[in-house]
1. Checking the a/c ratio against 1.5 first, then a/b against b/c, what shape does the Cα gyration tensor give for segment A:432-569?
2. Cross-chain or 8 or more residues apart, Cα under 29 Å: how many lysine pairs in segment A:432-569 fit that? Count them up, please.
3. Relative to the longest principal axis of the C-alpha atoms of chain B, give the angle of the C-alpha long axis of helix B:35-48, reported between 0 and 90° and rounded to the nearest 10°.
4. Find how many whole Å separate the alpha carbon centroid of segment A:42-57 from the alpha carbon centroid of segment B:36-92.
5. Give me the aspartates and glutamates in straight-line cross-link reach of B:Lys139: C-alpha distance below 19 Å, same-chain residues under 8 apart excluded.
6. Against the longest principal axis of chain A, how steep is helix A:451-463, in degrees 0 to 90 to the nearest 10, with axes from Cα atoms?
7. Show me the ranking of peptides A:523-533, A:119-129, B:442-452, B:204-214 by mean Cβ neighbours inside 10 Å, starting with the highest.
8. How large is the helix-only mean residue ellipticity at 222 nm for chain B, computed as the sum of -39500 (n - 2.57) over DSSP H runs with n ≥ 4, divided by its residue count, in deg cm²/dmol to the nearest 500?
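No value in this document is a laboratory result; all are computed from the given coordinates. These numbers come from a predicted model, not from an experiment. Backbone-built Cβ (ideal geometry, glycine too); neighbour counts: all protein chains shown.
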Number of protein chains: 2
Amino acid sequence: MVTFRPPVAEQRFVLDHVVRLAEITSQDQFAAAESDMVEAILDGAASLAANEWAPLNRVGDTNPPRWNDTVVTMPPGFREAYRTYVEGGWGTIAAPSAFEGQGLPSTLAFGVAESLGAANLGFSLGPMLTQGAIEALVKHGSPELQAAYLPKLVTGEWTGTMNLTEPNAGSDVGALRSSATPAGDGSWRVKGNKIFITFGEHDLAENIIHLVLARTPDAPAGTRGISLFLVPKFLPDGSRNDVHCASIEHKLGIHASPTCVMSFGDNDDCRGWLIGPEFGGMRAMFTMMNNARLNVGLQGVQIAERATQQAVAYALERVQSPRASNPEGGPVAIIEHPDVRRMILRMKAQTQAIRSLVYAAAGELDRAHLGIEGAKQRLDLLTPLAKAHGTDVGCEVASLGVQVHGGMGFIEETGAAQHYRDVRITPIYEGTNGIQAADLVGRKLVGDEGAQMHALIADVRSETKNAGLLALTDQISTLTGVLVKASTDDRLAASAPYLTMVSVMTCGWLLERQGTAAAGLLANGEGDSAFLKAKLATVNWYLAHIVPEASGLAASVAEGGKGLYDLTAEELAA
Amino acid sequence: MVTFRPPVAEQRFVLDHVVRLAEITSQDQFAAAESDMVEAILDGAASLAANEWAPLNRVGDTNPPRWNDTVVTMPPGFREAYRTYVEGGWGTIAAPSAFEGQGLPSTLAFGVAESLGAANLGFSLGPMLTQGAIEALVKHGSPELQAAYLPKLVTGEWTGTMNLTEPNAGSDVGALRSSATPAGDGSWRVKGNKIFITFGEHDLAENIIHLVLARTPDAPAGTRGISLFLVPKFLPDGSRNDVHCASIEHKLGIHASPTCVMSFGDNDDCRGWLIGPEFGGMRAMFTMMNNARLNVGLQGVQIAERATQQAVAYALERVQSPRASNPEGGPVAIIEHPDVRRMILRMKAQTQAIRSLVYAAAGELDRAHLGIEGAKQRLDLLTPLAKAHGTDVGCEVASLGVQVHGGMGFIEETGAAQHYRDVRITPIYEGTNGIQAADLVGRKLVGDEGAQMHALIADVRSETKNAGLLALTDQISTLTGVLVKASTDDRLAASAPYLTMVSVMTCGWLLERQGTAAAGLLANGEGDSAFLKAKLATVNWYLAHIVPEASGLAASVAEGGKGLYDLTAEELAA
């Protein structure tokens, strides 16, 4: 198995030059995040990731959690690795200091999450879902619930879950049927079945805190009638609550993550407490969701990074055939062959691109937290891009990683195939990428008649000197005008390629900025010249290859839904 | 599990309007392939595929072949299903009538192979490799070897293998070390180890005929020193030959296909017979390979078709959310949502595109067989396109199939994930897609200074009326001129996106031709109007969306290898 080394220098460079972390830590609230501390946190997480979590990645894949009569046993070694995570305080970074947290910027927590998730994606889902539960409780929980549950969620002694999906309520959350009825003592009785519940049951923590969407009696139909409840596995008095894991799924990837069917109130005795107001479930859910969407975008980065490292190591080591341009030169490492090198450069460029995009969004999360003007709006715009493009690219890079390995890539022992399997869930969960694209062209575009999109385009134009990128901004500007006025069907039909175009524009912009910074540092003889030279090479490759590719999508966007409904569904299926 | 129905009407339409089968069967040699017989063969294969092979697809995935001390036991049901295949004579279609074959056009055999492979890709590899062995023996074997081995290979009572790869000789076949020394009696003693040998051992047939590349004593280095040997598992006298299966691989997909490590001559008693002249191994291998490359391109079609059918069935059945354009209309099947419908149309259009491309290449195989002028050259040009683009698109469509299923796509029981896993080998084996791209820009482009490519472009231009496609031909024409004169590195660096552009141009051309035919038939009130209307919709979608996307690759091709070697391999890896 190839060693995994979290890309700390790259993370730091992106924090400095894309996120511009110094602007954030110059504010009193985040003043504790001094440069040395940032370094220490990134290094510490990298060490935990490389030494403890990464070696368990294949263990989790080949020894998935076992379910037996409501009990889920995690793979060997996971309890110890989780304990190290808890003892190191790695879940506490961005949580409020009032509840055992360190109150540091979210971007730092993203850096930590990147290293841990790249090391072991399936394992990292437990901590990720816990962060979402923390966020929901911080924003919407009563002081009593916060006091009772937040400290142990923040430390990671307890873990959290999100219980949204039901068999007939997936993307359409409003169709859910789980119910909650008042018990008269301030608590509620929750009843229903949920599916696809990540870390719904496991043996890593003393307690599991389920956040459950359900309908109260006489609630209005659809999303307006949904409320959020906190349902602990163990009640405050230590007794077992009436919530159980009915089975776990056999999945394509992320085998280490137990995906549970959860059953609430089989014995009519499942106790829950309302989080936020009755019917405030959707709002609270979006708090969890938006955080989770950025984190899933980050998973694209994680797998892309891991797959790239593995492919590069193989391509350096595997010797096969002389260079075609030097047939007498003897066999060379395959990384010397032009098409393999093209694949490696593409993997590196695409990985750095989505890291920039996701970290930039996380930076806006911190700025929004600080109340900086425009940050919340920019965050809202970047969130669907980070989630959908981050995961689309993650899938592409993992597939290229298999390809670089040739036949060995198809053999499970190599490990490249696991990345290809693991990453495939990311364009699906936390809102499919189709839902992200709909969010982009709907709420985020029509919602303000394109104002935020035009602001983003203006920012790109004010900074870029690249002709291809400028051409892309022109196309996107025109298409934005078209989409804002288009019919709902046309807009949605165009949403996926439009999302890709906007994402590539944003990535190109943020990469070019890094290239400029790298060139400046090199010119001044500052920084690590090997790192900076490599950065320039990937930036230039992205601008020369990926940006014009995205321009090729313009016709598809302009076409919209033309012809899409020429056939009935049945005719289309015939 | 969703029912699979081979697309017989579509196959027939492509044979009639793309391959123009009537031109081929108008020749005496293929006169037996009358329209009724074509129909009967396609229908019969479809029935075998749907009723016997398809139900075993998941069986093979979840109960892979078991290896135990050189013996490989195939999954339950496979022996019976293979017997039905042999008894139906399904392997005999295109084989010479002198050796139990039917002597029918290869395109018909491709139609049969499409249905069977779509039903059960892993299973179909056995028959596919056998076809390659037959081809090599027909073209290069001595009359004695032909008489001894061809009849039972043709009927399928015996199966064949291709033994090329060794641990240090993959893409670089010339590096192989297996040896063959003369035994003095006209036979040879073969010794060595081969890996990735598909159906190297199994219990479906009475005998397995291995075609093995090896070096004779004092052979020159590299590919010039390679010879091809026939090594039967059981010798003509019925005794067991000294060739054994040392283990089988644990793979990402095509679990039903035993991928074997083969050991020849452990006891210095492995007997083989030379096929063709000494040092003629590469030529004979290319006979097998070229056939196999088209067949692997066809595997892209197979999985694309299967994945599309499954996604369409799910999208018709799964009800979720009202249409955004009609929020009060109540929940609809997800195929009604614009972005899902876009994915379905893309899957259908891409599948039909690669079917056209692969069948067109197979048609040139038949024409070349008939000695029709220019057919061999066109076949040579289309082969890397069919292999690489067919499999790239197969992967894309299978991934879209997972996406259409949402969360269910990630659950193995659904079956969508199996297609995504199975298809991932196809861009790798029989020459990686990088090797195909190198073949295209090297042997096929520089070899004749672009003459064949310009002939293809001229054919497209003479027939198309589509502005986007014409623009693509202009780009390709210019880039072809550039590549012919470019340095080897630039040409190879540009080879992958160039291959995609040329493939899409070819697909667009062949689809537009079908659209024109469909419109004509509709106007005359002939044919199945539902089928023809659907054909028009997918053709139009392809021309409007996929063709301009391919134009977006022009900048990348023009860029060539610029910057590709700015970093050393070590700097790139840092």
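1. prolate
2. Working: A:Lys444/A:Lys465; A:Lys444/A:Lys485; A:Lys444/A:Lys562; A:Lys465/A:Lys533; A:Lys465/A:Lys535; A:Lys485/A:Lys562.
Number of lysine pairs found: 6.
3. Long axis of B:35-48 versus the principal axis of chain B: about 80 degrees.
4. About 47 Å separates the Cα centre of segment B:36-92 from the one of segment A:42-57.
5. B:Glu100, B:Glu278, B:Glu364, B:Asp366, B:Asp380
6. The two axes meet at around 30 degrees.
7. A:119-129, B:204-214, B:442-452, A:523-533
8. Details: 21 runs with 300 residues, N = 574.
Using -39500 (n - 2.57) per qualifying helix, the result is -17000 deg cm²/dmol.
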